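Okay, so here's the structure we're looking at.
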Amino acid sequence: MTDAQVSCEISEPRMVTRKFLARPQHEGVGAIVRRSIGRFELRYFDPFLALDEFSVTAPAGFPDHPHRGFETVTYMLQGSMTHEDFEGQKGIIGPGDVQWMTAGRGIVHSEMPASQGTQKGLQLWINLSSKQKMIEPKYQEISGKDIAEATEDGINVRVIAGEALGAKSPIYTRTPTMYLDFTLKPGAHLQQPIPTSWNAFVYVLEGEGVFGIPQSSPVTTHHLLLLGHGDGVEAWNRSTKPLRFILVGGEPLGEPVVQLGPFVMNTQEEIDRTIYDFDNCINGFEKARHWRRSDF
């Protein structure tokens, strides 16, 4: 089999330094997630707080819950989820859609199935710097048909954030981030640049691939690969089926992290204040006192 190659200037390919299998666990109300970042083996990978591959069938879901101090990125792979928050934001995130939510100083929202069958997707939590943790909440949403996409020599990429193969996402990343959804046909070979100062990882969604160096063992679905130092990553699909994976990288914040569930701050005092604010519905949580999600 002859490799089809997309060439980029990579002088120091990143090696795989650690590998984790994301095992199913319960989350929300009856939902199943495969959590790779944010579990006991890997509590934090600066600036990433959590990565969940979720699978939800009604009536399971993620009913009313709060966030403060970070961003959530929801990327639907199959089915649809309803989203609603205490500011009156309502909508449906459908197949291939992306919702980039900046929780900032405070959001209470719900995420529930919007269609029959099983809804599947990814949710990534990205930390915010101390200067941005208390900003006003914001949303950036892109429908699946509007996501930047490029295809070249057996490689397709959907650009959620950042740039690849000449395609660039319009998403503004407060914490500088790249989020790329690659599909490699059998025989394809990818070289993708990554800023040298950033942390980066791969999560395999379908098929099996070789990452880092040609001699590496193939990696299959639901595995998270942490990448070491370098200016890019190489991947090969030597199987007879398509390989699909996400490549995510971000600029480390280098700040203390104190987390209590859905609250992520820099000090214990800030966490204590957040709990007080939420319990008393103040300082960003005023509308939480009387809000309950509606039925779509």
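The values are calculated or read from the model by the stated rules, or taken from the named source; none is laboratory data. Values in this document were obtained by computation on a predicted structure and should not be read as measured data. With ideal geometry, Cβ positions are generated from the backbone for all residues, glycine too; neighbour counts draw on all protein chains shown. Accessible surface is based on the protein model in full, side chains and every heavy atom, while ligands, DNA and RNA are left aside. Shrake-Rupley method; radii C 1.70, N 1.55, O 1.52, S 1.80 Å.
Taking 20 Å as the cut-off for C-alpha to C-alpha distance, list the pairs among 90/168; 145/168; 90/138 that go past it.
Too far apart for the 20 Å limit: 90/168.
When we measure straight from the Cα of residue 241, which aspartates and glutamates land under 18 angstrom away, once same-chain ones fewer than 8 places off are left out?
Those aspartates and glutamates meeting the cut-off are 3, 152, 153, 181, 206, 208.
State which stretch of the chain is the longest one without any exposed trypsin sites (Lys or Arg not before Pro), exposure meaning a DSSP loop state and at most 13 other Cβ atoms within 10 Å.
Of all site-free stretches, the longest is 132-288.
Under 5 Å between amide H atoms, partner at least 5 residues away or on a different chain: which partners does residue 84 have, H built in plane at 1.01 Å?
Under 5 Å from the amide H of residue 84 lie the amide H atoms of 110, each far enough along the sequence or on another chain.
Calculate, for residue 41 and residue 231, the FRET efficiency according to 1/(1 + (r/R0)^6) with r their C-beta to C-beta distance and R0 22 Å; round to the nearest 0.05.
After rounding to 0.05, the efficiency reads 0.25.
Enumerate by residue number the chymotrypsin sites (Phe, Trp or Tyr not before Pro) in the range 93-198 meeting two conditions: DSSP loop (anything except H, G, I, E, B), and at most 12 other Cβ atoms within 10 Å of the site's Cβ.
Filter output for the range 93-198: 172.
Are there any chymotrypsin sites (Phe, Trp or Tyr not before Pro) in the range 1-95 that are in a DSSP loop and have at most 12 other Cβ atoms within 10 Å? List them by number.
40
Whole number in Å², please: accessible area per residue of the range 85-198, 1.4 Å probe, ligands, DNA and RNA not counted.
Per residue, the range 85-198 has 39 Å² of solvent-accessible surface.
Could you list which residues have their amide H under 5 Å from that of residue 79, counting only those 5 or more apart in sequence or on another chain, with H placed in the peptide plane?
When sequence neighbours closer than 5 places are left aside, the close amide H contacts are 120.
In whole percent, what relative contact order does the range 76-145 give with Cα contacts below 8 Å and a gap of six or more residues?
43
Return the calculated 222 nm mean residue ellipticity for the chain, to the nearest 500 deg cm²/dmol, obtained by summing -39500 (n - 2.57) across DSSP H runs with n ≥ 4 and dividing by the residue count.
Helix-only estimate at 222 nm: -1500 deg cm²/dmol.
Could you give the nm distance between label points at residue 215 and residue 131, where each point is 7 Å from its Cα heading toward the beta carbon?
If labels sit at residue 215 and residue 131, their model points lie 4.5 nm apart.
Extension gain residue 58-residue 272, at 0.36 nm per residue separation less the Cα-Cα distance, in nm?
73.6 nm
In what sequence, largest accessible area first, do 17, 173, 220 appear using a 1.4 Å probe?
From most accessible down to least: 17, 220, 173.
So if each residue of separation counts as 0.36 nm, and I subtract the Cα-Cα distance between residue 151 and residue 222, what length gain in nm does that give?
Between residue 151 and residue 222, full extension yields an extra 23.1 nm.
Using the C-alpha atoms of the range 195-293, what convex hull volume per residue, in cubic angstrom, is computed?
About 151 Å³ per residue, rounded to a whole number.
Can you tell me how much longer the chain between residue 185 and residue 87 gets when fully stretched, taken as 0.36 nm per residue apart minus their C-alpha distance, in nm with one decimal?
Extending this stretch completely gives an extra 30.9 nm.
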